[in-house]
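Below you'll find the structure, written out as structure tokens, and then a few comments.
Values in this text are rule-based calculations from the coordinates and carry no lab data. Fair warning: this is a prediction, and the values are worked out from it, not measured in the lab. A quick note on method: Cβ atoms are made from the backbone with ideal geometry, for glycine too, and the neighbour counts reach across all protein chains shown.
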């Protein structure tokens, strides 16, 4: 690829699960264009032709990294997840701090402009891209959660089951709460939503 820099990620963003992916300058411009299109038109507005026009690159350049527009959308969402995970460089040393981090992750996820738009205006697209299969974004989150659970187990206040298996249930719990937040917003206040999610997360982790 032209202007390729040293990257951890392969073009589709795949990378060892314990490393954050990195995209080169050309890929970054294309993903920036995808973000803009999602915000303006939704995922259905992301086309290879429009990506090429906005990013200032040819269609063949895009196809060197992604198979189609849907693949670019997945890459854009992966990059945003990686940016959120990067906000947590240190593993949580205890159950309380781990729950705090998961809640903060949920807040950052919901406040992200792209994910926020999908949650509010295209929930079916959000479900398709994040829930119907375990993709690279989910695996990145799971790897972060498993590391955090393992570190908190060393502190002695998190039950000592398989961190990877616990991470799956922790993700399912938080993901379900985030997805249904808008649905139940008339039934429960924001503070009550956070309180009850905190209690559920703590209960899952408690010895």
Where does each of 130, 183 land when they are ranked from fewest to most other beta-carbon atoms within 10 angstrom? 183, 130
To test your reading of the geometry: what angle, between 0 and 90 degrees and rounded to tens, separates the Cα axis of helix 163-184 from the longest principal axis of the chain? 80 degrees
Applying a 10 Å radius around every beta-carbon, put 70-77, 174-181 in order of their mean neighbour count, most first. 70-77, 174-181
Compute the helix-to-body angle for 190-205: its Cα long axis versus the longest principal axis of the chain, expressed 0 to 90° and rounded to tens. 70 degrees
With a ≥ b ≥ c taken as the square roots of the eigenvalues of the C-alpha gyration tensor of segment 55-182, please select rounded if a/c is under 1.5 and otherwise prolate if a/b is larger than b/c or oblate if it is not? prolate
Rounded, prolate or oblate: pick one for segment 25-80, where a ≥ b ≥ c are the square roots of the eigenvalues of its C-alpha gyration tensor, a/c under 1.5 means rounded, and failing that, prolate if a/b is larger than b/c, else oblate. rounded
Centre separation in Å (Cα based) which lies between segment 154-181 and segment 189-207: 11 Å
Going by how many other Cβ atoms sit within 10 Å of their own, how do 96, 114 line up, fewest first? 96, 114
Length gained when the stretch residue 132-residue 59 is fully extended (0.36 nm per residue, less Cα-Cα span): 23.4 nm
Angle check, please: helix 25-41 long axis (alpha carbons) against the longest principal axis of the chain (alpha carbons), in degrees 0 to 90, nearest 10. 80 degrees
How would you rank 129, 63, going from fewest to most other Cβ atoms within 10 Å of each one's own Cβ? 63, 129
Taking Cα pairs under 8 Å and at least six residues apart, what relative contact order does the chain come out at, in percent? 20 percent
